[in-house]
Each structure stands twice: as structure tokens, then as C-alpha cells.
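This report refers to the structure that appears directly beneath it.
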Amino acid sequence: MKLHCVVVTLAMSHVAAAESTTVPLNITALSSRAGYSVIECWQLSSVPAAYMAAVNYAVGNTTVATWSRIEPRTTVGEAWAPHIQLSVVLNGLIRITAPAPVADGPDASMCLQDHPGRKERPDTRVFYAMPGTLRSSVLIAADLKSASTLAGHFTEFPSDEPTVLIQIPFVDDKAPAQTVLHEGPCL
Ligand SMILES: *[C@@H]1O[C@H](CO)[C@@H](O)[C@H](O)[C@H]1NC(C)=O
Ligand SMILES: *[C@@H]1O[C@H](CO)[C@@H](O)[C@H](O)[C@H]1NC(C)=O
């Protein structure tokens, strides 16, 4: 009886998978290009499968998840991904600028222009990570310091509330298979 049920479930999920939408998953990512951290929209190669009454996307093999709480109105400054990881924002707001502004101005946030001496510097983009929508609340951080050698990203937590996020590193710093849809955050 138990075996029979398993077979029926598999058969049903196979049918559901065949009929399910194959809309790909797009996630805003911090990546590295020519030594600079950049914000990109990644389209995961993961093909969704329908089971457990859901459309399921494999995101990758992950290690120990961390729940993090950042105090209101915190400016971290220039930062890099500590690991290649998925971050899910549960509360508050993260303002991410990449590449990090050139730090020789009186106010880094007013210094978003390209550095005149570095023509290869990518355009500066801003992403507001916050709860609310799939697009806004999930981020892949993949700009390791070893790759973003010229500039990392710039991180601020401007909210009046604490920012709470879950950080889920990928095994061996292996990002999920993807293609880059476009520069800047996913639209
Ligand atoms: C991902 O982006 C593609 C191309 O812009 C779009 O067709 C698709 O609907 C997006 N996926 C989701 C889940 O929004
Ligand atoms: C996850 O780990 C399993 C077992 O080691 C491996 O077969 C699979 O390819 C890995 N998946 C990814 C996306 O790395």
C-alpha cells in the first residue's frame, strides 16, 4: 500500500511538472567584473519541478545558514561578500551601491561618478533590498574580495528598524548556474 502511494505521487508530480510553467527565476546579484563589484540580474539555469503542491527551483548546495540582525541606521561602508551566498531580507532595508564610490570625496554618497582615471570602471548601480516582493527581498552576494580587487560594494542600512536577514552560503563558494540578463538589479 505504501509503495503504491509513492508510485502514484511520483506519477502525479511527473504530470504536474510537465504541465508546470517553466518561467525562469531571476535574482539580483552582486558579482565581480574587471576587479569591480557590480550589480547584475541573474537568471538561474535551474529548471523548476512541480511537487509538494509547489513549483520548485533548485538553488544550489548550501552550508550553515545564519540569521543576522543589523542595528538601524548603520553604515558599513565598502564591503565584499564573505562567501558566495544567498541572502533573504526579512525586515528593514539594505542600500547597496556597486562599485563602491570612490572614497576621495567629502561624502562618499555624493561621489557616484566614474573615477576619471579609470575608464574601465563599470557604471554605478544601486539596489534597495527589503521585504515585500520576491524581486526586492532576495539577493545573491558573489563579489568576493579576491575578485573585486579594485572596489567592492558599499552597504548601508538606513532603515529606522533593525534589518534582519538570513544568509545562506553555497558549498565551496559555488554560485548557482546562471546567465546574466542585464546590468543593474532585476526589474
Ligand atoms: C525572468 O526574466 C525573464 C526575462 O526578462 C522573464 O521572461 C521572466 O518572466 C522572469 N521570471 C520571473 C519569475 O519573473
Ligand atoms: C550538490 O551536491 C550533490 C552531491 O554531492 C551533487 O551531485 C550536485 O551536483 C551538487 N549540486 C550543485 C548545484 O552543485
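Rule-based calculations on the coordinates, nothing more; no lab input. Just so we're clear, the structure is a prediction, and the values are computed from it rather than from any experiment. Cβ atoms come from the backbone with ideal geometry, glycine included; neighbour counts cover every protein chain shown.
Exposure proxy for E40, E120, E183: other Cβ atoms within 10 Å of each Cβ, ordered fewest to most, give E120, E183, E40. Global dimensions of region 19-100 from alpha-carbon coordinates: Rg and Dmax equal 15.8, 47 Å. Of the residues S137, S32, the one with the fewest other Cβ atoms within 10 Å heads the list, and the complete ranking is S137, S32.
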